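Engineer: Here it is, the structure, as structure tokens.
Every number in this text was worked out from the coordinates using simple rules, so none of it is lab data. What you see is a predicted model, and the numbers here were worked out from it, not measured in a lab. Counting neighbours? That spans all protein chains shown, and the Cβs are built from the backbone with ideal geometry, glycine included.
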Amino acid sequence: LTLAGAVTMLAGGLFALAQTDLKRLLAYSTMSALGTLVMLLGMGSDLAIKAAMVFLVVHALYKAPLFMIAGVVDKATGTRNITVLQGLGKPLPMLSFAAALAAFSMSGLPPFIGFIGKELLYEAEMRATHFSILLTALGFAANAVNVAVALKVGISPFKPRGEMPEINPKARKSALLVGPLLLAVMGAVIGLFPGVLGKGLIDGAVRDIVGHSVESDLKLWHGFSLLLAISGVTVVAGVLLYVFRDKVRAIIGLGLQRLPLKASEIFDLGVGATVGLAGKVTRFFQHGNLRLYIAVVILCLSSLITAALFSSAWAGFPQSGPVRLLPVGVSVLMVMAGIAAIRSQSTVMAVLAMGGVGYGVALLFALVGAPDLALTQVLVETLTLVLFALVMRQLPPIRAFSLSSGRRRRWDFFIALAGGLAITAALLAVRGSPIPEELRVSAEMSARSFPEAHGRNVVNVILVDFRALDTMGEICVLAIASIGVAGLLLGSGRRNVAAELAVATPLFRTAVTWMTPLLLFMSVVLLFRGHNEPGGGFIGGLVAGAGMVMRRLSSADRPPHGGGRPLIFIAAGVATALVSTLPSLFSRLPFMEGVWIGSLWLPLVGKTKFGTPFLFDCGVYLVVVGVCLLILTRLIRSENPKPLAQP
């Protein structure tokens, strides 16, 4: 990075010296300045960072007025060709004065701020850890070229030569001269009082970058030194380059002509090669094989976890307590269910076996005292099983597919084993690392939950109050994803799926007639009690969604009831969540901080505090209900459903 910046610094200056258009010349000199910044940032030392920050200010104070001056000259004369421009000093004296000040600062002459920046640049190059001699040599050449460029753009057009050109009267307006003159004078004034710049801007910028305080100590005069001598020689070399600029430009042009490729051709080849490489990489990774996608994700995650474990001190395994037989038994059953899913020859049995794994996870959550997670897992697993069943009925049985080879299945086994071991090791490492009580996020959330958010259910308080912005993003993503899934299923109406749902038996319909209102009522209760007891908008929405799913499955031979417009639920939910953010804004509180209006005692719920977090939770509830309905109605839609004949 450092060498690339240094080469760019010199190349940009040489290209600028060969230009005859004022703005093209300044553009190439800007490329040289960017190379200087990259070189200094690549060094990374405190001195280099300080030099970079000073150079950034220096460059702004001379380059901005020079670009403005180029625009005024173009407006005044109708051309930007330096070989034609001459004698502008007399008709445009203030512009000439501003151009001279900016050129002197760019050249690094005292007492301008550019002189201080140039000395810092040389000092950083000479103290570089690597390639200090090479960097200093490249810096000397680039600075000498910049002196020639500064004289060429800031002095040459204003020298009295020949006849005085005709000037557009509009170019004499003071409004066009204030900007460049003010910035150029600032370069001289700050050069005389550099301490103001150091304490007011540079010290803070350097501290924010390097992470600790660095004294800038900017001074115009440091006495006679090697840096002063190099600066003087640089100015002399730059003046000589300016005097012989025509010969230098001819040499540079001849060298560019002898290059096998022009710069534009090199750029086009580079872009083409980059696009071609991107295509090859994309085709290599985006091959359409779901198995390989999952394998790559598992292997990359396992590698990262392994590298993290070996790069940090191993704190040992967590202290084990008494072995509880019930969690061990549940874990064994989960393993058996997973093996059954692998060996199953039926899609339905495979889905049911994986559902057993999910319900086992929910039971483990309940055993360790996480009822919210257990409820969520049970509800998600139930809806997932229903949706999987709807999808699987449209797929051929597993027997219709050719099984993978034994070698491939062995690789799958080792990949799965690596992923499982990596996750297990990571969890053990986390559990084994001693974390002081005062640093635990869980302890802080528990302590703040009731006093600040008026809720005893810490999980719900985190979701709808402390981290409500995260939840807002999650429900928006959920809404967008559901709409995308619905779009993928637009063509599912070609088959009469609803007529094939054999679950709509009279017994099932009778049970659903009583259970659906009960589930909807329970979902509302869970919504209202979620701030203090297990529940909340997400869990309540899943319960309501499950009830509506059952209602829809029981009426497979009739049009949808209540789920014809699931997008209304989603839109209403997102809108409600957004409305809940307004009170905090109007109250000049932090965004989405809870605003409370009072409390109310409700049967089956108890005393509950109402405020914007509850309103936000209602939005979550509506979004979840809408997502469940949207995906379900797309899966079981049918253009001309026919009643299923009962035996």
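Engineer: What does the convex hull of the alpha-carbon atoms of region 2-243 project to on average, in nm²? All intermediate terms of the calculation are to be shown ahead of the outcome.
Structural biologist: On the way: hull surface 49.3 nm².
Average projection, Cα convex hull of region 2-243: 12.3 nm².
Engineer: Only counting other Cβ atoms within 10 Å, I'd like Glu474, Glu533 sorted with the fewest neighbours first. Don't skip to the answer; put the middle values down first.
Structural biologist: Details: Glu474 15, Glu533 19.
In order of increasing Cβ crowding within 10 Å: Glu474, Glu533.
Engineer: Distance in nm between label sites at Ala575 and Arg440, each 7 Å beyond Cα in the beta-carbon direction?
Structural biologist: Roughly 4.4 nm, to one decimal.
Engineer: Here's a follow-up. Relative contact order of region 115-249: what whole-number percent is it, with Cα pairs under 8 angstrom and at least 6 residues apart? Intermediate values should be presented prior to the final figure.
Structural biologist: Working: 82 pairs, mean separation 55.8, N = 135.
Here the relative contact order equals 41 percent.
Engineer: Rounded to two decimals, what ratio of Rg to Rh does the chain give with C-alpha atoms and a Kirkwood Rh?
Structural biologist: Details: Rg = 36.4 Å, Rh = 32.1 Å.
So for the chain, dividing Rg by the Kirkwood Rh gives 1.13.
Engineer: While we're looking at this one, here's another question. Which ³J(HN,Hα) values in Hz, rounded to whole numbers, follow from the phi angles of region 604-610 under the Karplus curve 6.51 cos²θ - 1.76 cosθ + 1.60, where θ = phi - 60° and Gly and Pro get x?
Structural biologist: 6, 10, x, 6, 10, 8, 10
Engineer: Only helical DSSP H runs with n ≥ 4 go in: add -39500 (n - 2.57) per run for the chain, normalise by residue count and round the 222 nm mean residue ellipticity to 500 deg cm²/dmol.
Structural biologist: Mean residue ellipticity at 222 nm (helix-derived): -23000 deg cm²/dmol.
Engineer: From the Cα gyration tensor of region 63-166, with a ≥ b ≥ c the square roots of its eigenvalues, which class applies: rounded if a/c is under 1.5, or else prolate if a/b is larger than b/c, or else oblate? Don't skip to the end; give the middle numbers.
Structural biologist: Working: a/c = 3.20, a/b = 2.57, b/c = 1.24.
Taking the square roots of the gyration eigenvalues as a ≥ b ≥ c, region 63-166 is prolate.
Engineer: Relative contact order for the chain: what is it in percent, counting Cα pairs under 8 Å that are at least 6 residues apart? Numbers along the way, then the final one.
Structural biologist: Details: 877 pairs, mean separation 67.6, N = 647.
The value is 10 percent.
Engineer: Mean projection of the alpha-carbon convex hull of region 410-461 over all orientations, in nm²? Show your work: numbers first, answer last.
Structural biologist: Working: hull surface 20.7 nm².
So the mean shadow area of the Cα hull is 5.2 nm².
Engineer: Among Leu177, Leu526, which comes first, then next, by fewest other beta-carbon atoms within 10 Å? Write out the running numbers ahead of the final one.
Structural biologist: On the way: Leu177 20, Leu526 24.
Fewest to most other Cβ atoms nearby, the residues stand as Leu177, Leu526.
Engineer: Also: Given the Cα-Cα distance of Lys247 and Arg207 and 0.36 nm per residue of separation, how much length would full extension add, in nm?
Structural biologist: Working: separation 40, 0.36 × 40 = 14.40 nm, distance 4.57 nm.
Separation in residues times 0.36 nm, less the Cα-Cα distance, equals 9.8 nm.
Engineer: Let me ask another. At q = 0.12, 0.17 Å⁻¹, what is the log10 ratio I(q)/I(0) for region 243-309, with the Debye formula run over Cα points and no solvent?
Structural biologist: Taking Cα atoms of region 243-309 as identical point scatterers yields -0.62, -0.80.
Engineer: Same structure, new question: Mind sorting Ile230, Ile539 by how few other Cβ atoms lie within 10 Å of their own Cβ, fewest first? Write down the numbers at each step before the final one.
Structural biologist: Values: Ile230 19, Ile539 28.
Ranking Ile230, Ile539 by Cβ neighbours within 10 Å, fewest first, gives Ile230, Ile539.
Engineer: Also, quick follow-up: Take each of the peptides 115-127, 567-579, average the number of other beta-carbon atoms within 10 Å over its residues, and list them starting from the highest. Show your work: numbers first, answer last.
Structural biologist: Working: 115-127: 23.6, 567-579: 18.3.
Averaged packing, sorted descending, gives the order 115-127, 567-579.
Engineer: Follow-up question, since we're still on this one. Show me the ranking of peptides 283-290, 449-456 by mean Cβ neighbours inside 10 Å, starting with the highest. Kindly include the intermediate steps, with their values, before the conclusion.
Structural biologist: Working: 283-290: 9.0, 449-456: 17.2.
Listed from highest to lowest mean packing, they are 449-456, 283-290.
Engineer: Ala416: net charge of surrounding residues, Cβ under 13 Å, Lys/Arg +1, Asp/Glu -1, itself excluded?
Structural biologist: Working: positive: Arg291, Arg408, Arg409, Arg410; negative: Asp412.
Net of charged neighbours comes to +3.
Engineer: Given H placed on each backbone N at 1.01 Å, which residues far from Val595 in sequence or on other chains put an amide H within less than 5 Å of it?
Structural biologist: Long-range HN contacts for Val595: Thr612.
Engineer: Same structure again: Under the classification rounded if a/c is under 1.5, otherwise prolate if a/b is larger than b/c and oblate if not, where does region 323-395 fall, given a ≥ b ≥ c as square roots of the Cα gyration tensor eigenvalues? Present the calculation step by step, with values, prior to reporting the outcome.
Structural biologist: On the way: a/c = 5.62, a/b = 1.49, b/c = 3.78.
It is oblate, given that a/c is not under 1.5 and a/b is not larger than b/c.
Engineer: Can you list the HN-Hα couplings for region 323-338, worked out from phi with the Karplus curve (6.51, -1.76, 1.60; θ = phi - 60°), rounded to whole Hz and with x for Gly and Pro?
Structural biologist: Values per residue, Gly and Pro as x: 6, 9, 5, 5, x, 5, x, 4, 5, 4, 4, 5, 4, 5, 5, x Hz.
Engineer: Order of 587-595, 194-202 by packing, highest average Cβ count within 10 Å first?
Structural biologist: Highest mean packing first, the order is 194-202, 587-595.
Engineer: Another question about this same structure. Which pairs, out of Lys118/Lys247; Lys118/Lys173; Lys23/Lys159; Lys63/Lys219, put more than 25 Å between their alpha-carbon atoms? List each step's numbers first, then the result.
Structural biologist: Details: Lys118/Lys247 27 Å; Lys118/Lys173 34 Å; Lys23/Lys159 19 Å; Lys63/Lys219 22 Å.
Correct reply: Lys118/Lys247; Lys118/Lys173.
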